[in-house]
Amino acid sequence: HIDYAFFGEEYGWLIYIPAVVFIITGVSNAANLTDGLDGLLSGTSAIAGVILGIFAYVSGRVDFSSFLNIMYLPQSGELTIFAASLVGACLGFLWYNSYPAQVFMGDTGSLALGGALGALAIMIHKELLLPIICGIFFVETVSVIIQTSWFKYTKKKYGEGRRVFLMTPIHHHFEKQGWPESKIVVRFWIIAILLGILSLLTLKLR
């Protein structure tokens with residue numbers, strides 16, 4: 001857990017507010033970058049929502065939080081309802097957004113969805129687990145950062161920009177390699193499920 005008040009309780013907000021802005025903005029933009037293939041963001045967000053919902057439920061139970069050695073957060077179990085609603089909305093949307101998509105999320109949906117996941121993680125004090133729970137978002141963002149940084153560096157040094165990936169975000173790299181869109185999406189879902197399970201394993205590792 002992050003102790004935002006390590007400089008003193010009266011100064012905790014000086015760290016907390018920038019940290020919250022950074023986390024929510026980061027997850028929101030990462031979700032926006034992930035929204036590039038039919039069903040990719042809605043599926044991975046639903047998986048992340050399930051994991052955060054489980055964390056919210058066990059954190060709100062005295063017996064579970066004591067057994068799992070995690071911080072007890074009174075009434076955080078109420079956030080399970082929000083997480084379940086988010087998952088249900090994602091699955092309902094996925095019905096029409098799966099390949100070939102009939103409806104599209106756009107920036108409005110993806111930014112809001114990422115922001116909701118980031119806010120939920122902050123409220124249940126699981127922000128440090130976000131790179132695992134939302135691992136697909138994290139990898140997509142890192143791929144863009146690597147590509148952009150390397151292109152600018154090589155352009156400045158050699159006079160022409162060079163690329164690490166064929167195209168970013170990284171799901172487009174696999175598209176350029178000839179992978180069918182549906183295969184990329186399903187494999188990313190599988191990775192998201194494995195990362196979700198890994199994040200739940202941290203409960204007993206603690």
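Say whether the condition of being under 19 Å from A83 (Cβ atoms) and β-branched (V, I, T) is met by at least one residue in segment 100-114. No, the conditions are met nowhere in segment 100-114.
Is it true that Y72 is open to solvent by 60 Å² or more (accessible area, probe 1.4 Å) and under 30 Å from W179 (Cβ atoms)? Criteria not met by Y72. Highlighted here are the helices (runs of 4 or more DSSP H) found entirely within segment 102-206 that include at least 1 residues which are open to solvent by less than 30 Å² (accessible area, probe 1.4 Å), in contact (Cβ under 8 Å) with a residue 40 or more places away in the chain and in contact with a His (Cβ under 8 Å, 6 or more places away or on another chain): 135-158, 181-205. Here I136 passes the criteria (1) hydrophobic (A, V, I, L, M, F, W, C); (2) modelled with pLDDT under 95; (3) closer than 21 Å to F165 by Cβ except the one numbered (2).
For segment 24-35, residues that are surrounded by fewer than 19 Cβ atoms within 10 Å (Cβ to Cβ) and either of a type in the set (A, V, I, L, M, F, W, C) or not in a helix (DSSP H, G or I) (or both) total 0.
Candidates are the residues of segment 141-166 that are within 24 Å of the chain's Cα centre (by Cα) and of a type in the set (S, T, N, Q); the one that is nearest to N32 (Cα to Cα) is T141.
Being in contact (Cβ under 8 Å) with a residue 60 or more places away in the chain, under 28 Å from W189 (Cα atoms), touching a Gly at 6+ places or on another chain (Cβ under 9 Å) and of a type in the set (F, W, Y), is that true of even one residue in segment 41-56? Within segment 41-56 (the criterion being in contact (Cβ under 8 Å) with a residue 60 or more places away in the chain, under 28 Å from W189 (Cα atoms), touching a Gly at 6+ places or on another chain (Cβ under 9 Å) and of a type in the set (F, W, Y)), the answer is no, since none of the residues qualifies.
The values are calculated or read from the model by the stated rules, or taken from the named source; none is laboratory data. These numbers come from a predicted model, not from an experiment. As a convention, Cβ positions derive from the backbone with ideal geometry for all residues, glycine included, and neighbour counts pool all protein chains shown. Accessible surface areas use protein heavy atoms only, side chains included; no ligands, DNA or RNA. Shrake-Rupley method; radii C 1.70, N 1.55, O 1.52, S 1.80 Å.
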